[in-house]
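Below is one structure, written out as structure tokens; comments come after it.
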Amino acid sequence: MGATQSTILVVDDTPENLAVLGELLQPNYRVRAANSGQRALQIATSQQPDLILLDVMMPGMDGYEVLAQLRANASTRDIPVIFVTAMDGIADEEHGLEQGAVDYIAKPIRPSIVLARVRAHLELKAARDILRDHNRYLEAEVARRMSENQEIQRITIHALARLAETRDPETGNHLLRTQEYVRTLALGLREHPRFAAALDTRTISALAESAPLHDIGKVGIPDNILLKPGKLTPEEWDVMKTHAVLGSKAIEQAEKDARKPVEFLAIAKQIAHWHHEKWDGSGYPDGLAGDAIPLPARLMALADVFDALISKRVYKEAFDFATASRIIIEGRGKHFDPDVVDVFIREFATFQRIAETYGE
């Protein structure tokens, strides 16, 4: 910013002082004048000067009050203010600087001092403005790249999940529904004393993003079992149950390939491995019980079962919402974490809305 482009607001209730400062500054700067604190605030807000020379002793609203209001307004708080006053005591100077003035010039003014300090503070402001704009650009660029990376991650997750889905044609919008069920449960638990520390905003987002990978292990199940139109034999069921470990191992391999830990992969691995565990320890593959089951898997367990209940399968018709809700509630403390079921009960209308929004 060149010196001739800068605008300086001079504030003084004495016309002679305004004239003196205006004459001194006008060869190099655009000068605006105000003879009261109220008028100074109006000009500062509407015209955004680069620097303000502000008298302290003015009737009605003194310079300290003007400065306080400038600092309280987001549009004027960054305008540098130099106090210009006959008050030359140390205490007065300190008070002005404590209130946020950048400098202090005593009357009678000395032209060379005024010009030097005005030039110095305008150059400093120009440097600050350049740095601020650069920081804003960097912040915007970082936000853009993070958003781009998150979108790539989301697309990659869904591409992998769809891979499993292509081998299990009955799932339809199961991925979208269970993802939103998990998000709903996590949001409902974030204020609960048991879960608040584990469920910050970022973790909840990672939970929801990871949920579609819960059945990725099904790509390793033979077609004659995965696509069988009837009930599985005990031996076939044992094979089917291996999809949980197959999925977690595939995600674990992806973790090893990554150069650094990836939060959503760690969560996805927990979900894939343990989403068929039950609160009472009767689930698979490891027979974990209670809090030994990772929280992401406990959320996924309820989401997955609810969606299976309301969905048509080759071996069953779809249950209505009331029946599905009753079965989930009956599983409180047996199949499911009791606190997770309590959120399901409280948010049941949301579950219904999600199911209807992403229906088959």
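Going through the stretch 337-348 one residue at a time, which ones are of a type in the set (A, V, I, L, M, F, W, C) and over 26 Å from the mean Cα position of the chain (by Cα)?
Within the stretch 337-348, 341, 345, 348 qualify.
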(request) Show the residue pairs that are 6+ apart or on different chains and have beta-carbon atoms under 7 Å apart, the first residue being within the stretch 118-129 and under 12 Å from residue 29 (Cβ atoms) and at pLDDT 90 or above, the second being among the hydroxyl-bearing types (Ser, Thr, Tyr) and open to solvent by less than 30 Å² (accessible area, probe 1.4 Å). (result) 122/6
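I'd like the full set of residues that are closer than 22 Å to residue 276 by Cβ, small (Gly, Ala, Ser) and at pLDDT below 95, limited to the stretch 312-360.
Result: 318, single match.
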(request) Tally the residues that are open to solvent by less than 50 Å² (accessible area, probe 1.4 Å), more than 15 Å from residue 313 (Cβ to Cβ) and not in a loop (DSSP other than H, G, I, E, B), restricting the search to the stretch 220-240. (result) 2
(message) It is to be established whether one or more residues within the stretch 266-286 are in a loop (DSSP other than H, G, I, E, B), farther than 28 Å from residue 352 by Cβ, of a type in the set (A, V, I, L, M) and at pLDDT below 95.
(response) no
(message) Criterion first (open to solvent by 50 Å² or more (accessible area, probe 1.4 Å) and on the phi > 0 side of the Ramachandran plot) does residue 48 satisfy it?
(response) yes
(request) Collect the residues in the stretch 73-107 that are modelled with pLDDT of 85 or more, over 21 Å from residue 48 (Cα atoms) and open to solvent by 30 Å² or more (accessible area, probe 1.4 Å), keeping them in residue-number order. (result) none
(request) Please determine, by comparing only the residues of the stretch 271-323 that are aromatic (Phe, Trp, Tyr) and surrounded by 14 or more Cβ atoms within 10 Å (Cβ to Cβ), which one is nearest to residue 203 (Cα to Cα). (result) 274
(request) Collect the residues in the stretch 11-28 that are assigned to a loop (DSSP other than H, G, I, E, B) and either open to solvent by 20 Å² or more (accessible area, probe 1.4 Å) or at pLDDT 95 or above (or both), keeping them in residue-number order. (result) 13, 14, 26, 27, 28
(message) Among (1) of a type in the set (A, V, I, L, M, F, W, C); (2) open to solvent by less than 80 Å² (accessible area, probe 1.4 Å); (3) over 41 Å from the mean Cα position of the chain (by Cα), there is one condition residue 138 misses while meeting the rest; what is its number?
(response) (3)
(message) Need pairs with beta-carbon distance below 6 Å; first residue under 13 Å from residue 300 (Cβ atoms) and within the stretch 258-284, second open to solvent by 60 Å² or more (accessible area, probe 1.4 Å); sequence gap 6+ or separate chains.
(response) 269/252
(request) Take the stretch 41-62 and flag every residue that is touching a residue at least 12 places away in the same chain (Cβ under 8 Å) and over 22 Å from residue 119 (Cβ atoms). (result) 41, 45, 56, 57, 58, 59, 60, 61, 62
(message) With the requirement that a residue be open to solvent by 10 Å² or more (accessible area, probe 1.4 Å) and over 13 Å from residue 357 (Cβ atoms), what does the stretch 184-198 give you?
(response) 187, 188, 190, 191, 192, 193, 194, 196, 197, 198
(message) Going residue by residue through the stretch 200-217, is there one that turns out to be among the charged types (D, E, K, R) and either within 23 Å of residue 345 (Cβ to Cβ) or touching a Leu at 6+ places or on another chain (Cβ under 9 Å) (or both)?
(response) yes
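The values are calculated or read from the model by the stated rules, or taken from the named source; none is laboratory data. Predicted model, so just to flag it, every value in this text is computed and none were measured. Heads up, the Cβs are rebuilt from the backbone with ideal geometry, glycines too, and the neighbour counts pull from every protein chain shown. Protein only, heavy atoms only, side chains kept; ligands, DNA and RNA dropped before computing areas. Shrake-Rupley method; radii C 1.70, N 1.55, O 1.52, S 1.80 Å.
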